Amino acid sequence: MSDFDPVLEYERGLRGAWIDPREDELAVDSIIRHGGDPDGDHVAHEWEFADKGKGLLIARWEDVLRTWPGCWPGPPQGTSDCVSWALNRAALLTWTTELLDGRPDEVTGVIEGKPEVSPKGVANCVLVSEASYWWRGWDSGGWTCSGAARAITTDCGIWLRKPYPEFNLDLTEYDARTAVRYGAKKPPDSIRDFGRQHLVRTATFVKSVEAMRDFLWAGFGCYFCSGLAWSKKRDENGFSPVVVGSWPHAQGIVGFDDRSETIALYGEPLALVQNSWGRFNSGPRTVRGTSLLIPEGAYWTKASVLMRGQVVALSSVAGWPPRTLRSYGAEGNV
């Protein structure tokens, strides 16, 4: 797997992601049974954040990179596990926003803290993509976005990049061989029980560009599955168009540009996509009219094209309690 070239493999027809109506039904049922609402557009109106992102540049990737400098793009995926990578982009964004908000957890009432993650763990994207891929349910490659949403809200949860001696695992660095350790054979109960300590509480399906924008404004990370392919060259504003070809692929959505000048230039709003192929593309990364840089491996695309696939948003995460800081004798904590 060390010779795996994701760009080449997907262009050759690797099937990393697809949409399955049966998996969709199971996900919808799970969301409802756990107290959620599978209709993302309804959620945005019900929780009164619909249209809050209108006309704005929503730079959620900046929140993530300020909190975890150098976490994206991470190493390139080494097998057909793109869905778990996309899932973890969204989960990291949602969880990081919660950390920055400093609000009490909606279930426990605890104000969660930022846990220690080693520099190597941060460089490998902070969260473990392999742990979610274990729950796809088969030994062959690829997964569905709806199946991943069900897994992260019921079984796998989020795992930090670090050693887990209790499972004889070191997950500090991404390893494609570890990603395929389980499949048709489910992980043992001990792994499931650990993952359930840090579940994403619920997910929802996003059916409109406006809802996608507003979920990102509200700090909820999104990801998508589609069969579209994009240019590997960004234009002067970091934009990449859809091109002829097919990537049965999943990617994260980590920003949105709904500014009127952007819409005038490209004909519609743009969404920022974070891929899982490392530094696979080239071209400028400066956000038009700002000094902000999009991450390596990311690109802007027309938001409407993502609606041709399936878009999922993730809500709150059962995180970690705040760390107690040692006192060094000065006033307050250092």
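Every residue, every condition in (1) at pLDDT below 95; (2) farther than 15 Å from Val311 by Cβ; (3) in contact with a Ser or Thr (Cβ under 8 Å, 6 or more places away or on another chain), yes or no:
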| site | (1), (2), (3) |
| --- | --- |
| Gly13 | yes, yes, yes |
| Gly16 | no, yes, yes |
| Arg22 | no, yes, no |
| Glu25 | no, yes, no |
| Ile32 | no, yes, no |
| Asp41 | no, no, yes |
| Phe49 | no, yes, no |
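Among the residues of segment 21-36, write down those that are surrounded by fewer than 17 Cβ atoms within 10 Å (Cβ to Cβ) and more than 12 Å from Ala148 (Cα to Cα).
Pro21, Arg22, Glu25, Asp29, Ile32, Arg33, His34, Gly35, listed by residue number.
Those residues that are more than 19 Å from Pro241 (Cβ to Cβ) and not hydroxyl-bearing (Ser, Thr, Tyr), I need them from segment 280-294; list them, please.
Result: Gly289, Leu292, Leu293.
If we keep just the residues of segment 226-249 that are polar (S, T, N, Q) and surrounded by 15 or more Cβ atoms within 10 Å (Cβ to Cβ), which is nearest to Ser291 (Cα to Cα)?
Only one residue fits best here, namely Asn237.
Looking only at segment 225-275, count every residue that is over 22 Å from Asp214 (Cβ atoms) and hydroxyl-bearing (Ser, Thr, Tyr) and tell me the total.
Within segment 225-275, residues that are over 22 Å from Asp214 (Cβ atoms) and hydroxyl-bearing (Ser, Thr, Tyr) number 3.
Please return the ranges of helices (runs of 4 or more DSSP H) entirely within segment 62-141 where 3 or more residues are of a type outside the set (A, V, I, L, M, F, W, C) and surrounded by fewer than 24 Cβ atoms within 10 Å (Cβ to Cβ).
82-101, 119-123
With the requirement that a residue be free of Cβ contacts under 8 Å to residues at least 60 places away in the same chain and either over 21 Å from Ser246 (Cβ atoms) or in contact with a strand residue (DSSP E or B) (Cβ under 9 Å, 6 or more places away or on another chain) (or both), what does segment 1-27 give you?
Of everything in segment 1-27, those that are free of Cβ contacts under 8 Å to residues at least 60 places away in the same chain and either over 21 Å from Ser246 (Cβ atoms) or in contact with a strand residue (DSSP E or B) (Cβ under 9 Å, 6 or more places away or on another chain) (or both) turn out to be Asp3, Arg22, Glu25.
Out of segment 89-120, which residues are of a type outside the set (D, E, K, R) and in contact with a helix residue (DSSP H, G or I) (Cβ under 7 Å, 6 or more places away or on another chain)?
Correct list: Ala91, Leu92, Leu93, Thr96, Thr97, Leu99, Leu100.
Is it the case that some residue within segment 206-218 is in a loop (DSSP other than H, G, I, E, B), more than 18 Å from Cys125 (Cβ to Cβ) and in contact with an Asp or Glu (Cβ under 8 Å, 6 or more places away or on another chain)?
Looking through segment 206-218, at least one residue is in a loop (DSSP other than H, G, I, E, B), more than 18 Å from Cys125 (Cβ to Cβ) and in contact with an Asp or Glu (Cβ under 8 Å, 6 or more places away or on another chain).
Out of curiosity, is Ser276 surrounded by 24 or more Cβ atoms within 10 Å (Cβ to Cβ) and either of a type in the set (A, V, I, L, M, F, W, C) or at pLDDT 95 or above (or both)?
So Ser276 passes the test.
Can you go through Arg89, Arg136 and tell me which one is under 23 Å from Gln310 (Cβ atoms), without any contact (Cβ under 8 Å) to a residue 60 or more places away in the chain and basic (Lys, Arg)?
Arg136
Among the listed residues Ile294, Ile263, identify the single one that is in contact (Cβ under 8 Å) with a residue 12 or more places away in the chain, under 22 Å from Gly53 (Cα atoms) and either surrounded by fewer than 18 Cβ atoms within 10 Å (Cβ to Cβ) or not aromatic (Phe, Trp, Tyr) (or both).
Exactly one residue qualifies, and that residue is Ile294.
Checking Lys52 against (1) in contact with a strand residue (DSSP E or B) (Cβ under 7 Å, 6 or more places away or on another chain); (2) farther than 22 Å from Glu130 by Cβ: exactly one of these is not met. Which one?
Failed condition: (1).
Tell me, which residue of segment 162-192 that is of a type in the set (Gly, Ala, Ser) and loosely packed, with under 11 Cβ neighbours inside 10 Å is nearest to Val126 (Cα to Cα)?
This residue is Ser190.
Restricting the search to segment 293-303, which residues are touching a strand residue (DSSP E or B) at 6+ places or on another chain (Cβ under 7 Å) and assigned to a loop (DSSP other than H, G, I, E, B)?
Those that are touching a strand residue (DSSP E or B) at 6+ places or on another chain (Cβ under 7 Å) and assigned to a loop (DSSP other than H, G, I, E, B): Ile294, Pro295, Gly297.
Kindly indicate which of Gly55, Gly40 is crowded, with 19+ Cβ neighbours inside 10 Å and either touching a helix residue (DSSP H, G or I) at 6+ places or on another chain (Cβ under 7 Å) or of a type outside the set (Val, Ile, Thr) (or both).
Going through Gly55, Gly40 in turn, the sole match is Gly40.
Looking only at segment 147-158, filter to residues that are crowded, with 21+ Cβ neighbours inside 10 Å and not in a helix (DSSP H, G or I); which one of those is nearest to the chain's Cα centre (by Cα)?
The extreme case among them is Ile158.
Which residue pairs have Cβ atoms closer than 9 Å, lie 6 or more positions apart in sequence or on different chains, and pair a first residue in segment 298-317 that is without any contact (Cβ under 8 Å) to a residue 12 or more places away in the chain and within 25 Å of Thr153 (Cβ to Cβ) with a second residue that is surrounded by fewer than 22 Cβ atoms within 10 Å (Cβ to Cβ) and of a type outside the set (Lys, Arg)?
none
The values are calculated or read from the model by the stated rules, or taken from the named source; none is laboratory data. Predicted model, so just to flag it, every value in this text is computed and none were measured. Positions of Cβ are generated from backbone atoms using ideal geometry, with glycine treated the same way; all protein chains shown enter the neighbour counts.
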